[in-house]
1. Just a yes or no: is a residue in the range 138-152 within 60 Å of the chain's Cα centre (by Cα) and either polar (S, T, N, Q) or open to solvent by 60 Å² or more (accessible area, probe 1.4 Å) (or both)?
2. Looking at Leu200, Leu279, Leu207, which one is at pLDDT below 95, open to solvent by less than 70 Å² (accessible area, probe 1.4 Å) and either more than 30 Å from Glu100 (Cα to Cα) or of a type in the set (Gly, Ala, Ser) (or both)?
3. Hey, can you tell me all the residues within the range 177-222 that are among the aliphatic types (A, V, I, L, M), in a strand (DSSP E or B) and farther than 30 Å from Thr284 by Cα?
4. Consider Gln336 against the criteria (1) under 30 Å from Thr245 (Cα atoms); (2) open to solvent by 50 Å² or more (accessible area, probe 1.4 Å); (3) of a type in the set (S, T, N, Q): it satisfies all of them except one. Which criterion is unmet?
5. Regarding Thr171, is this residue touching a Leu at 6+ places or on another chain (Cβ under 7 Å) and either surrounded by 14 or more Cβ atoms within 10 Å (Cβ to Cβ) or closer than 28 Å to Glu102 by Cβ (or both)?
6. Residues in the range 64-83: is at least one among the aromatic types (Phe, Trp, Tyr), open to solvent by 90 Å² or more (accessible area, probe 1.4 Å) and either at pLDDT below 55 or farther than 30 Å from Pro271 by Cβ (or both)?
7. Give just the number: which of (1) among the aliphatic types (A, V, I, L, M); (2) more than 26 Å from Val163 (Cβ to Cβ); (3) open to solvent by less than 70 Å² (accessible area, probe 1.4 Å) does Leu133 not satisfy?
8. Looking only at the range 36-74, how many residues end up being of a type outside the set (A, V, I, L, M), part of a strand (DSSP E or B) and over 28 Å from the mean Cα position of the chain (by Cα)?
Amino acid sequence: MKKKRRIITLLATVVLVAGAGVWLAGRNSGKTKMMIETEPATRVAITNSVTATGTVEPVTEVEVGTQVSGIIDRLYVDYNDVVEAGQLIAEMDKVTLQAELESTEAQLAGSKTEYEYQMKNYTRTKVLFEKQLVSDAEYDEALYLYEKARNAYEQNKAAMVKVKRNLGYATITSPISGVVISRAVEEGQTVAAGFETPTLFTIAKDLTEMQVVADVDEADIGQVKEGQRVQFSVDAYPDDVFEGTVRQVRLEATTESNVVTYEVVIDAPNPDLKLKPGLTATITIYTLERENALAVPTKALRFIPKPELLEEMGLAVRWNPEPPAGQREVWVKRGQELVSCHVVTGATSGDRTEIVEGLSDGEEVVCAMLVPDKASAAGEMRERSPFMPGPPGK
């Protein structure tokens, strides 16, 4: 029995010693593995952008129509034809319009003859009336017939102007120099000019200067300004990237499926004529561009040191007064000391923030504290806030 008790006591002692050794080893290991993450302040390009989709369109596009009804007699241009301003592009059947012109001319001639006759008659009657050789009734009748003939003559002159204008409308010319991108009629087709002028052709002025009309979401429109650089691509040329510039931000909002968007017009030079009207463009508008900006990781501006943990790592902490209004605080590692520095921040792009004042190139800023990840089989280090509670039982 004594021998058995001695063996049990010896085993218990061995277990206690081993447990204490494991605990001390784990504690010392935790101390040695804890570290801080630093990154130098470096010069980088900081950019922010807004993405949208839009449609490629000509800068100037004119729809050519006709104001008279009739049959299309001749077409002189087709799709993709280059036209000059004033060039004849179509003619309508003029038989009816010509007959109407001749009828109006006859009416005008008759009214002119009647007007001249009544004017002479009125002149004679007026002379006799002044000599009291005719009655008031005869004078009033002569005046009435003269005024009536004059009004009829003026009306027929106006009708003649209208008929001649309509006859002129039957000859359709191009209002601008450009390219025919649409033809909506065929020879022999009847067009009716009612409340709406029918469109015969669509002519684009200059396809070397295009524009993209993009729909930008209401959450992003506040960042978009005139003159900003734009890059876009189209499915027709997936390997090409086209450049442009924001020309106009339109104030009218469009709501579709409860989504509010605003139209942004982008100038898109097209010297090689690759861009065609109607192509869908995927657009990136660069709302912020900073070249060669001194920047640090954004998370460095949120780092708050824990002095007791840093002392275990052999690092001292030197606090400065609270930063003034408009400035922020970052921690810089100088040797074995962490020093708080007040900085003025500028633009922010994702995980980088520009430092306008308060730091120099290459200074090591503290981003986070790293503690051992005991759940990892490899024992890798992971970032963790010293103020976060540990897992249950730790």
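1. Checking the range 138-152: at least one residue is within 60 Å of the chain's Cα centre (by Cα) and either polar (S, T, N, Q) or open to solvent by 60 Å² or more (accessible area, probe 1.4 Å) (or both).
2. Leu207
3. Those that are among the aliphatic types (A, V, I, L, M), in a strand (DSSP E or B) and farther than 30 Å from Thr284 by Cα: Val180, Val191, Leu200.
4. Only one criterion is unmet by Gln336, namely (1).
5. yes
6. No, every residue in the range 64-83 fails to be among the aromatic types (Phe, Trp, Tyr), open to solvent by 90 Å² or more (accessible area, probe 1.4 Å) and either at pLDDT below 55 or farther than 30 Å from Pro271 by Cβ (or both).
7. For Leu133, the exception is condition (3).
8. Adding up the residues that qualify gives 10.
The values are calculated or read from the model by the stated rules, or taken from the named source; none is laboratory data. For clarity, every value in this text was computed on a predicted model and none was experimentally measured. As a convention, Cβ positions derive from the backbone with ideal geometry for all residues, glycine included, and neighbour counts pool all protein chains shown. With ligands, DNA and RNA removed, areas are computed over all heavy atoms of the protein, side chains included. Shrake-Rupley method; radii C 1.70, N 1.55, O 1.52, S 1.80 Å.
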